[in-house]
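> Handing you this structure, nothing more for now.
Just so it is clear, none of the values below were taken in a lab; they were calculated from the coordinates. These numbers come from a predicted model, not from an experiment. Cβ coordinates were reconstructed from backbone atoms using ideal geometry, including for glycine residues, and neighbour counts include every protein chain displayed.
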C-alpha cells in the first residue's frame, strides 16, 4: 500500500480534491507514526496491530568474509494481522489459486 493508494481511495469515497485527499492521507500516516512513537503500539480493529519491539545487541556473521560483526541494539516495528484479515487473505489466496488452475486447464 502506498500514500498514492490511500489518496485514491479517499478521493473516490469522498468529494475531496486530489490535493486535499493527499493531505489527508499524509496526516493519517503522520498520526499513526505519532501514536507508535508515543505509545509503542497502534491497532486498527479488523486489520491488525503494529507494535514496537526492541532488538538486543548481538554479533552476526558477514556472509562474504565469514568475519564476526557487532550489531547494535535497536528497535523494529512488527505487524500482527487480525483474525478477520487472516481469514480474508486466506480466502483470497484460495480464490486466486482456483482461478490460476482454471486458466491452466483452459490453456
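> Would you check if there is a residue in region 57-75 being in contact (Cβ under 8 Å) with a residue 24 or more places away in the chain and either loosely packed, with under 10 Cβ neighbours inside 10 Å or more than 23 Å from residue 35 (Cα to Cα) (or both)? Reasoning before the result, please.
Taking region 57-75 and keeping what is in contact (Cβ under 8 Å) with a residue 24 or more places away in the chain, we get none.
No, because not a single residue in region 57-75 is in contact (Cβ under 8 Å) with a residue 24 or more places away in the chain and either loosely packed, with under 10 Cβ neighbours inside 10 Å or more than 23 Å from residue 35 (Cα to Cα) (or both).
> Filter region 40-76 for residues that are out of contact with any strand residue (DSSP E or B) (no Cβ under 7 Å at 6 or more places or on another chain) and under 28 Å from residue 89 (Cα atoms) and give the result.
Matches in region 40-76: 44, 45, 46, 47.
> Just to be sure I understand, how many residues within region 76-94 are exposed (fewer than 11 other Cβ atoms within 10 Å of the Cβ) and assigned to a helix (DSSP H, G or I)?
6
> Name the pairs: first residue in region 78-91 and within 21 Å of residue 33 (Cα to Cα), second residue assigned to a helix (DSSP H, G or I), Cβ to Cβ under 9 Å, at least 6 apart or on different chains?
81/89
One line per residue, one yes/no per condition, for (1) assigned to a strand (DSSP E or B); (2) surrounded by 14 or more Cβ atoms within 10 Å (Cβ to Cβ):
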{"site": "4", "(1), (2)": "no, no"}
{"site": "31", "(1), (2)": "no, no"}
{"site": "51", "(1), (2)": "yes, yes"}
{"site": "54", "(1), (2)": "yes, no"}
